[in-house]
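> Just dropping this structure here.
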Amino acid sequence: MTAPDRAATQRDADEALVALYTAHYYSLVRLAALLLHDTAAAEDVVQDAFVAMRASWRRLRDPNSALAYLRQAVVNRSRSRLRHLKVADRKAPAPMPDAPSAEYSALNEVERSGVMTALRGLPRRQREVLVLRYY
């Protein structure tokens, strides 16, 4: 194939792809969004499908089946994304346990010292009763 023929073929492919994009982009995004439950991820999947189609346009046997190819590519890429998210969730590190803040520890210490001061101010028998009951 000569360079002018290749350029003409590429222009035809670009025009066909632009027509497909204009006519079917939103329906393909809706399809991916239904599968992924995430509009931003759905847009990424559809964009990737169009980019892949652009790269493989020459290998497309029937240009009339380009929409079917795109739909299948969107479904396959959505499934791949869901599988990836599933694995990523499984491999995610466990969250760190909640630890009290420094402010909590400081306030706790102030309270404890207040209780100890109050205990020291009680008569010996009352202090014994409280200590035996709560400590």
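The values are calculated or read from the model by the stated rules, or taken from the named source; none is laboratory data. The model shown is predicted, which means the values in this text are computed figures rather than measured ones. Positions of Cβ are backbone-derived with ideal geometry, glycine not excepted, and every protein chain shown enters the neighbour counts. For the accessible areas, the whole protein counts, side chains as well, though only heavy atoms, and no ligand, DNA or RNA atoms are used. Shrake-Rupley method; radii C 1.70, N 1.55, O 1.52, S 1.80 Å.
> Binned at 10 Å from 0, what are the whole-percent values of the Cα-Cα distance distribution for the chain, short to long?
Taking every Cα pair in the chain, the percentages come to 10, 23, 15, 10, 7, 8, 9, 8, 6, 3, 1.
> Through the Karplus equation 6.51 cos²θ - 1.76 cosθ + 1.60, θ set to phi - 60°, convert the phi angles of segment 55-65 into ³J(HN,Hα) values in whole Hz; use x for Gly and Pro.
With the stated coefficients, segment 55-65 comes to 5, 10, 4, 4, 7, 5, 5, 10, x, 6, 9 Hz.
> For the chain, what is the accessible area per residue in Å² when the probe is 1.4 Å?
Accessible area per residue: 80 Å².
> Can you tell me, using C-alpha contacts under 8 Å and at least 6 residues apart, the relative contact order of the chain as a whole percent?
The normalised contact order for the chain reaches 19 percent.
> Let me ask you something else. For SER113 and ALA94, calculate 0.36 nm times their separation in residues minus their Cα-Cα distance, and state this gained length in nm to one decimal.
3.2 nm
> Over the chain, with a Gaussian network built from C-alpha contacts below 10 Å, which listed residue (TYR69, TYR26, TYR104) shows the highest mean-square fluctuation?
Greatest mean-square fluctuation among the candidates belongs to TYR104.
> Using only the Cα atoms of segment 25-98, what do you get for the radius of gyration and for Dmax, in Å?
15.5, 59
> How long is the gain from ALA68 to GLN126 if the chain were fully straight, where each residue apart is worth 0.36 nm and the alpha carbon distance is subtracted?
Working it through step by step, the gained length comes to 12.3 nm.
> Then there's this: Loop-only trypsin sites (Lys or Arg not before Pro) in segment 1-81, please: DSSP not H, G, I, E or B, and at most 15 other Cβ atoms within 10 Å.
ARG61
> Picking from LEU107, LEU85, LEU20, which is most flexible by a Gaussian network model of the chain using Cα springs under 10 Å?
LEU107
> Cα convex hull of segment 9-61: mean projected area in nm², to one decimal?
Average of the hull's projected areas for segment 9-61 equals 3.7 nm².
> List the residues of segment 70-101 whose backbone N lies under 15 Å from a point placed 7 Å from the Cα of ASP12 along the Cα-to-Cβ direction.
none
> Compute the signed sum of charges (Lys and Arg +1, Asp and Glu -1) over the other residues within less than 14 Å, Cβ to Cβ, of ALA42.
Value of the local net charge: +1.
> Same structure again: So what's the back-of-envelope 222 nm ellipticity for the chain, counting only DSSP H runs of four-plus at -39500 (n - 2.57) apiece and dividing by all residues, rounded to 500?
-27500 deg cm²/dmol
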